2 protein chains.
Amino acid sequence: MTTNPVVKIYIALVHPPVLSKKAEVICSAVTNLDIHDIAGAGKTYGVGEYFIVTTLPDQKVLVDKIIKHWTDGRGGDVNPDRREALRLVSMVDSIEDAVAKIQATVKEKVIVVATTAREDHVDVSFKELKAEMKNGGTYLLLFGTAWGLSDEVLVNSDRVLMPIQTTSGYNHLSVRSAVSIVLDRLIAQD
Amino acid sequence: MTTNPVVKIYIALVHPPVLSKKAEVICSAVTNLDIHDIAGAGKTYGVGEYFIVTTLPDQKVLVDKIIKHWTDGRGGDVNPDRREALRLVSMVDSIEDAVAKIQATVKEKVIVVATTAREDHVDVSFKELKAEMKNGGTYLLLFGTAWGLSDEVLVNSDRVLMPIQTTSGYNHLSVRSAVSIVLDRLIAQD
């Protein structure tokens with residue numbers, strides 16, 4: 001008898017490179033509630049680490065201050081559950097740095113999965129990816145802020161996950177909602 | 001041949017009566033991003049109306065200002081998708097008022113479903129509720145802010161939906177995440 005293969009899932013919230021409303025490649029600002037909501041969802045679904053990808057020095061100082069308030073400071077004393085969630089969070093300059101950081105720990109290939117609200121570049125459904133994850137492996141799920149991940153990120157990822165489709169014809173979920181739904185679809189028990 | 005029965009789903013974000021950290025029944029403050037994220041998720045999943053339940057006069061003025069900025073004001077001109085989502089939102093003083101408002105439109109019983117992160121009072125699973133909804137009907141899903149809906153709300157609802165459970169043993173989802181996941185589980189196609 002063999003033991004069940006273990007899947008390790010990491011997430012990254014990407015600020016550069018993402019698209020602006022005019023489809024230019026930009027670096028967006030970090031939203032405070034993105035840190036908290038996605039850390040809470042990540043901890044609830046057992047993800048290994050939650051990377052915030054940003055290059056702007058001012059943003060780094062701010063994000064670092066917020067994280068430390070909850071992990072080392074008074075925030076965590078008042079709300080230990082939030083401390084636990086925020087301990088998942090770290091900052092990196094690029095998606096490549098997140099991959100390198102994971103690889104240094106797990107010593108196996110990291111399969112990078114981009115998410116998108118558009119149809120182009122999509123090559124895997126939720127059902128297919130969930131089935132694939134049953135075989136174990138290490139995955140990094142990428143989520144884009146602003147108007148979504150740049151084309152370059154989609155092209156360079158190992159997989160591009162289908163959008164969260166509904167029958168309403170309207171699809172404008174916040175990235176906080178999208179992360180929650182994607183984690184639930186891929187990780188929750190049937 | 002008969003046509004498929006239609007299910008109509010409404011949501012309410014409850015500010016009173018909810019629990020404080022110390023389990024006292026309180027009226028919590030409205031969070032700006034709760035308006036936007038939940039309206040976006042509601043519109044994406046085709047809900048009929050999104051009620052914000054609050055009694056505090058100051059909060060009402062503020063929420064009304066935010067809604068109008070997007071539905072009638074400049075916000076909607078700049079971002080028509082958000083205008084469409086925010087048109088789902090209305091304010092009511094109580095859960096009973098939301099039920100009465102829905103009933104005036106649909107002329108049938110409104111089945112009130114409370115959600116909770118705790119185990120007590122739970123009487124329906126996601127699978128059961130989804131199967132039930134296939135028969136049509138009108139449902140109002142209640143979501144609690146702060147530390148969740150008061151016991152009185154749970155006891156007086158027609159159904160109490162099981163918590164979003166995962167295997168991590170940690171369950172601290174924001175209400176924005178919880179609404180997104182619940183709508184996806186109940187409404188998205190398999």
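The values are calculated or read from the model by the stated rules, or taken from the named source; none is laboratory data. Remember, it's a predicted structure, so these values are computed and weren't measured experimentally. Virtual Cβ from ideal backbone geometry, glycine too; neighbours counted across all protein chains shown. In case anyone asks, the SASA skips ligands and DNA or RNA and just uses the protein heavy atoms, side chains included. Shrake-Rupley method; radii C 1.70, N 1.55, O 1.52, S 1.80 Å.
Label position 7 Å from Cα toward Cβ: report the copy-to-copy distances for B:GLN165 in nm, one decimal, ordered from shortest.
Nearest first, the other copies' label points are 3.2 nm away.
Where the label is 7 Å out from Cα toward Cβ, how close does B:THR105 come to the same position in every other copy, in nm, shortest first?
4.5
Normalised by the number of residues in the stretch A:55-149, what is the relative contact order in percent for Cα pairs under 8 Å and 6+ residues apart?
24 percent
Would you calculate, for chain B, the mean residue ellipticity at 222 nm contributed by helices, counting each DSSP H stretch of 4 or more residues as -39,500 (n - 2.57) and dividing by all residues, to the nearest 500?
The helix-only estimate for chain B comes to -12000 deg cm²/dmol at 222 nm.
Using a label point 7 angstrom from Cα along Cα-to-C-beta, what distances in nm, from shortest up, separate A:LYS130 from the other copies?
Label-point separations across copies, in nm and ascending: 0.7.
Considering amide H positions built from the backbone, and no H for Pro or chain starts, which residues 5 or more places from A:PHE51, or on another chain, come under 5 Å of its amide H?
For A:PHE51, whose amide H was placed from the backbone, the distant partners under 5 Å are A:ILE11, A:ALA12, A:LEU13, A:SER90.
May I ask you to compute the full-extension gain from A:VAL6 to A:LYS22, defined as 0.36 nm times their residue separation minus their alpha-carbon distance, rounded to one decimal in nm?
Full extension of this stretch gives 1.6 nm more.
Using a 7 Å offset from the Cα along the Cα-to-Cβ direction at both A:ALA29 and A:ALA131, what is the distance between the two label points in nm, to one decimal?
4.5 nm
Which of these, A:LEU88, A:LEU56, A:LEU13, has the largest mean-square fluctuation under a Gaussian network model of chain A (Cα springs below 10 Å)?
Ranking A:LEU88, A:LEU56, A:LEU13 by mean-square fluctuation puts A:LEU56 first.
Viscosity 0.692 mPa s, temperature 37 °C: give me the Stokes-Einstein translational D for chain B in µm²/s, with Rh taken as the Kirkwood radius over C-alpha pairs.
193 µm²/s
Over the Cα atoms of the protein assembly as shown, how large are the radius of gyration and the largest Cα-Cα distance (Dmax), in Å?
Computed over the Cα atoms of the protein assembly as shown, radius of gyration and Dmax are 20.7, 65 Å.
Would you be so kind as to list the residues of the stretch A:168-183 that have their accessible area lowered by at least 30 Å² in the full protein complex compared with their chain by itself (1.4 Å probe)?
The answer is A:SER168, A:TYR170, A:HIS172, A:LEU173, A:ARG176, A:SER177, A:SER180, A:ILE181 - residues whose exposure falls by at least 30 Å² when every protein chain is included.
Holding the Cα-Cα limit at 18 Å, pick out from B:LYS8/B:LYS130; A:LYS107/A:LYS130; B:LYS22/B:LYS60; B:LYS8/B:LYS43; A:LYS43/B:LYS130; B:LYS8/B:LYS101 the pairs that are longer than that.
A:LYS107/A:LYS130; B:LYS22/B:LYS60; A:LYS43/B:LYS130
Averaging sequence separations of C-alpha pairs under 8 Å and six or more residues apart, then dividing by the length of chain A, give the relative contact order as a whole percent.
31 percent
What does the extension gain come out to for A:ASP64 and A:ASP120, with contour length at 0.36 nm per residue minus their alpha carbon separation?
16.7 nm
Over the Cα atoms of the stretch B:77-167, compute the convex hull volume and normalise it per residue, giving Å³.
So the per-residue hull volume is 163 Å³.
Which one, B:HIS36, B:HIS69, B:HIS172, has the greatest fluctuation when you compute a Gaussian network model over chain B with C-alpha springs under 10 angstrom?
Looking only at B:HIS36, B:HIS69, B:HIS172, the largest GNM fluctuation is found for B:HIS172.
Please figure out what share of the DSSP beta bridges in chain A is antiparallel and state it in percent, rounded to the nearest 5.
10 percent
For chain A, with only Lys/Arg (+1) and Asp/Glu (-1) charged at the beta-carbon, what is the dipole magnitude about the Cα centre, in debye rounded to 20?
400 debye
For a quick size check, give me the Cα extents of the stretch B:1-107 along its three principal axes, largest first, whole Å.
That works out to 55, 36, 23 Å along the principal axes.
Would you mind telling me the share, in percent, of accessible area of chain A contributed by carbon and sulfur at probe 1.4 angstrom?
Accessible surface attributable to carbon and sulfur in chain A totals 52 percent.
In the stretch B:77-190, if the dipole is taken from +1 on Lys/Arg beta carbons and -1 on Asp/Glu beta carbons about the Cα centre, which of B:SER150, B:HIS172, B:VAL182 is farthest to the positive end?
B:VAL182
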